[in-house]
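Engineer: If you scroll down you'll find the structure; I have some questions about it.
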Amino acid sequence: MKHLRLSLVGFGVVGQGFAELLVDKHADLKQQFGVDVTLVGVANARHGFIYRGDGLDIPRVLELAAKRRPLAEHPGVTHWDSALGGLQASSADVLVEVTPTNLRDGEPGMSHVRMALVKGLHVVTANKGPAALAATELLTLARQHGVQLRMESTVMAGTPVISTIREGMAGARVYGIRGILNGTTNYILSAMASGRDYAEALAEAQARGYAETDPTADVEGYDAVAKTLILAALIFGRTLKPEQVIRRGITTISREQVQTALDEGKRIKLIASLRLLASDDGKGDALEARVEPGALPLDDPLARVDGVMNALTIQADTLSEVTVIGPGAGRMQTGQGLLADVIALTR
Ligand SMILES: NC(=O)c1ccc[n+]([C@@H]2O[C@H](COP(=O)([O-])OP(=O)(O)OC[C@H]3O[C@@H](n4cnc5c(N)ncnc54)[C@H](OP(=O)(O)O)[C@@H]3O)[C@@H](O)[C@H]2O)c1
């Protein structure tokens, strides 16, 4: 039996969902994969980092968080005021990093991930900030320290796209990908196709908890840009800057444009794409990156992906096109992506 000791930094929607999965799947993990997973550290912003070397009582930590009680009330723990301090002073095999995404400088996740890799911990993360801004640098750091950095759930949550391409399609030459990578905008565009105007559809998405009070990151395409940068690094090995992605959001899409597309048998979707462009200057293929709305004919597999669902179509030499459709957010759905990455570490 392998033993894996995890520290979980970020204990909000996703962190708690993942912790619940660790409880629910504990016996399966032992039986099916021969791995005994123990949670030794947990941190949030309010209460800092708690650690118990022989394992925390996960239901107890979840209960404390639900009651908004200090996590340090868990019996027998050592406590630090900050996650960084706790990570520095404690020991574990894996950091699961799920603090909020920050696309300006990636913090606080960037420092957590760097600290863990340098200390020789594997890192599994759903945090798009460090992945979008510094995937290549962080993967190099991981290699230098003989550990893995896995980030399946940064794109389409637990729906497997990165592992599908890197592992399932190993050996195929991928030359393009196109996807619906943001559930909020897809929900809004789907609602507009059912007759709502933009403002009504946005208000509906906010009422259902799909859109933030400030929806800018979603509706202006920044969230999809972050995922496009992650895929550029992980699938094409290219480091792109956010400003290298041609970006247009959905705020200017009118009900009339959506209706005209419907009349032509098309659907307007916010499409994120990466495409290798052959170059004849001997410098190798350029990678074109775009996030923009487009009208898709109904025989395009992405055209019929509605509501908050996400999808990615992968174009490759040996398979022509493969499309993966599934949830792109959610507490358990993102927890599943983290769990799959943790299991992958043990192989
Ligand atoms: N929600 C989804 O469906 C989804 C899907 C894919 C990816 N993601 C990504 O997953 C990550 C987590 O999302 P979420 O929905 O769980 O966010 P969330 O509910 O806001 O939780 C964030 C957690 O991080 C903690 N935190 C913030 N700053 C910290 C710091 N300096 N040190 C330690 N902990 C800190 C917060 O502490 P407090 O509790 O004290 O505020 C909170 O527990 C984000 O990067 C998000 O983009 C989310």
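Engineer: For the chain, set up a Gaussian network in which alpha carbons nearer than 10 Å are linked by springs, and say which option among 135, 207, 261 fluctuates the most.
Structural biologist: Sorting by GNM fluctuation, first place goes to 207.
Engineer: With the cut-off at 25 Å, tell me which of the pairs 119/227; 128/269; 128/283; 227/269 have Cα atoms farther apart than that.
Structural biologist: Numbers: 119/227 27 Å; 128/269 22 Å; 128/283 30 Å; 227/269 16 Å.
Checking Cα-Cα distances, 119/227; 128/283 exceed 25 Å.
Engineer: Per residue, what volume in Å³ does the Cα convex hull of segment 171-243 take up? The partial results should precede the final answer.
Structural biologist: Values: hull volume 8.4 nm³, N = 73.
That works out to 114 Å³ per residue.
Engineer: Moving on. Which residue fluctuates most in the GNM of the chain (Cα springs below 10 Å): 129, 15, 176?
Structural biologist: 176
Engineer: To the nearest 20 debye, what is the magnitude of the charge dipole of segment 116-207 about its Cα centre, counting +1 on the Cβ of each Lys and Arg and -1 on the Cβ of each Asp and Glu?
Structural biologist: The calculated dipole for segment 116-207 is roughly 440 debye.
Engineer: Dividing the alpha-carbon Rg of segment 203-285 by 2.2 N^0.38 Å yields what? Before the final figure, lay out the partial values.
Structural biologist: Values: Rg = 16.5 Å, N = 83, 2.2 N^0.38 = 11.8 Å.
Ratio of Cα Rg to 2.2 N^0.38 Å: 1.40.
Engineer: Then there's this: For segment 12-101, divide the Cα radius of gyration by the Kirkwood radius and give the resulting Rg/Rh value with two decimals.
Structural biologist: Values: Rg = 12.8 Å, Rh = 13.5 Å.
Here the Rg-to-Rh quotient is 0.95.
Engineer: What's the percent breakdown of Cα-Cα distances in segment 44-182 across 10 Å bins, shortest bin first?
Structural biologist: Per 10 Å bin, starting at zero, the Cα-Cα P(r) for segment 44-182 comes out as 11, 34, 34, 16, 5, 0 percent.
Engineer: Right, next: What is the gain in length, in nm to one decimal, between residue 136 and residue 278 on full extension, counting 0.36 nm per residue of separation less the C-alpha to C-alpha distance?
Structural biologist: Numbers: separation 142, 0.36 × 142 = 51.12 nm, distance 2.29 nm.
Here the segment from residue 136 to residue 278 would lengthen by 48.8 nm.
Engineer: By how many nm would the segment from residue 172 to residue 344 grow when fully extended, if each residue of separation counts as 0.36 nm and the alpha-carbon distance is taken off?
Structural biologist: On the way: separation 172, 0.36 × 172 = 61.92 nm, distance 2.09 nm.
So the extension gain works out to 59.8 nm.
Engineer: What's the center-to-center distance, using Cα atoms, between segment 173-230 and segment 60-110 in Å?
Structural biologist: Going from one Cα centre to the other spans 30 Å.
Engineer: Against the longest alpha carbon principal axis of the chain, how many degrees, from 0 to 90 and to the nearest 10, is the axis of helix 222-236 turned?
Structural biologist: 80 degrees
Engineer: I've got another one for you. Between residue 200 and residue 259, what is the spin-label point distance in nm, taking each point 7 Å from the Cα along the Cα→C-beta axis?
Structural biologist: Going by the 7 Å Cα→Cβ label model, 1.1 nm.
Engineer: Between residue 104 and residue 246, what's the calculated FRET efficiency when r is the beta-carbon distance and R0 is 35 Å? Round to 0.05.
Structural biologist: Efficiency computed from Cβ-Cβ geometry: 0.95.
Engineer: Please find, in a Gaussian network model of the chain (springs between Cα atoms separated by less than 10 Å), the residue of 190, 111, 91 whose mean-square fluctuation is greatest.
Structural biologist: Ranking 190, 111, 91 by mean-square fluctuation puts 111 first.
Engineer: How big is the shadow of the Cα convex hull of the chain, averaged over all directions, in nm²? Write out the running numbers ahead of the final one.
Structural biologist: Values: hull surface 74.2 nm².
So the Cα hull casts an average projection of 18.6 nm².
Engineer: Separate question: Using +1 at the C-beta of Lys and Arg and -1 at the C-beta of Asp and Glu, which of 314, 303, 191 has the Cα lying farthest in the positive direction of the dipole of segment 175-319?
Structural biologist: The Cα lying farthest towards the positive end belongs to 314.
A short reminder: the numbers here are calculations on the coordinates, not readings from a lab. None of these values were measured; they are calculated from a predicted model. Here Cβ is always computed from backbone atoms with ideal geometry, including for glycine, and neighbour counts include all displayed protein chains.
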